[in-house]
Amino acid sequence: MRCHFFVTSAGALAISGAAFAAEPTPTPPPPPYNWSGVYLGGQIGYAWGTDNVSWTGTNYNLDPAAGSFGEGQQGVIGGARVGYNFQPNSWFVAGIEASVDGTSLSKNVTTPVADFAGVTFGSLAASSNAAVQGSIRGRLGIAWDRLLIFGTGGAAVTSFNSTYADTSGFFTGVPGTNETLSYTRAGFTFGGGIEYAITDNWSVQAEYRHSNFGHISDYPFTNPQAAAGLPPGGYFVAQHYLTEDQVQLGFAYRFDMMVPPPPPPPAQPIVTK
């Protein structure tokens, strides 16, 4: 009887031990996503700007005139970006980013030319476009695992071209005279956005930014008659004030951080007895 009891108990313990052994070991949760690293990406979107222009001038007989008009450029904007993020804890992300964009922003306007008495003499045609833009900005964000909400701000630069056509000949005495002025203008930009890591390396984002490139002065039609032997004059100055807004969707590939392996433990001395 005792032998039968011990055999039964041993079998029960073996079965229970096998049941415990069969239970899967709980898998530890994955570590929180970390945004640290160098990334490279691209973006495309839509931009719209304001270019408020006030002008004054005289014709070749020194009759004064003045006016104003707006050149609100709009178009597609897209390009590439490179940056670096650093995430020292579970929620705070800081970084720096540089971007370059090509744009189709342009605008054409025609405005009447009138002297200070309000008499209309003709018209002035003007067009402007911004072909290339760039920026270098800081980024600060708050991360919830794979979701990042960030703000950004820094320096911006744009190439800007303005073309003026004296369609009536008021300023130059020669109808249809035109002149194009090109320059590069620096300013500032700021905005924010949201980014989501769809894999450990790939992320997508949406971003809005406002840029301000300040005041620009153009001096076309300055003494254009001198070479043709016409009377001097034809002085013209246009004061621009440039701002821009843009909304872009983008993607980025983040390169894995290269973490060096820990150093090997120091060799233990061999003790002999």
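Before moving on, here are some points about what is shown:
- Filtered residues of region 241-273 (kept if under 42 Å from the mean Cα position of the chain (by Cα), part of a loop (DSSP other than H, G, I, E, B) and either of a type in the set (Lys, Arg) or at pLDDT 65 or above (or both)): PHE255, ASP256, MET257
- When region 86-117 is filtered for residues that are outside any strand (DSSP E or B) and either surrounded by 15 or more Cβ atoms within 10 Å (Cβ to Cβ) or polar (S, T, N, Q) (or both), the ones remaining, listed by number, are GLN87, ASN89, SER90.
- Odd one out for SER106, checked against (1) without any contact (Cβ under 8 Å) to a residue 40 or more places away in the chain; (2) farther than 30 Å from PHE221 by Cβ: (2)
- Which numbered condition THR177 fails, given (1) closer than 16 Å to VAL237 by Cα; (2) among the β-branched types (Val, Ile, Thr); (3) buried (at least 22 other Cβ atoms within 10 Å of the Cβ): (3)
- Qualifying position, being in contact (Cβ under 8 Å) with a residue 12 or more places away in the chain and under 21 Å from THR103 (Cβ atoms), among THR167, THR172, THR184: THR184
- Candidates in region 119-137 are the residues that are among the β-branched types (Val, Ile, Thr) and not in a loop (DSSP other than H, G, I, E, B); of these, the one that is surrounded by the fewest Cβ atoms within 10 Å (Cβ to Cβ) is THR120.
- In region 182-195, the qualifying residues are those that are surrounded by fewer than 16 Cβ atoms within 10 Å (Cβ to Cβ) and more than 14 Å from ARG137 (Cα to Cα), and the one that is nearest to the chain's Cα centre (by Cα) is ILE194.
- When region 157-189 is filtered for residues that are among the aromatic types (Phe, Trp, Tyr) and touching a Lys or Arg at 6+ places or on another chain (Cβ under 7 Å), only PHE160 remains.
- Taking residues in region 241-256 that are farther than 21 Å from GLY83 by Cβ, and partners anywhere that are of a type in the set (D, E, K, R) and in a strand (DSSP E or B), the pairs with Cβ atoms closer than 6 Å and at least 6 places apart or on different chains are LEU242/ASP51.
- Scope region 126-141; condition among the small types (Gly, Ala, Ser) and either under 17 Å from GLY42 (Cβ atoms) or in contact with a Cys (Cβ under 8 Å, 6 or more places away or on another chain) (or both); matching residues: GLY134, SER135
- Counting residues in region 200-214 that are of a type in the set (Lys, Arg), in contact with an Asp or Glu (Cβ under 8 Å, 6 or more places away or on another chain), at pLDDT 85 or above and surrounded by 14 or more Cβ atoms within 10 Å (Cβ to Cβ) gives one or more.
- Scanning region 49-70 for residues that are in a loop (DSSP other than H, G, I, E, B) and either buried (at least 21 other Cβ atoms within 10 Å of the Cβ) or modelled with pLDDT of 85 or more (or both) yields ASN59, TYR60.
The values are calculated or read from the model by the stated rules, or taken from the named source; none is laboratory data. It should be emphasised that the depicted structure is a prediction, and the values quoted were computed from it without experimental measurement. Backbone-built Cβ (ideal geometry, glycine too); neighbour counts: all protein chains shown.
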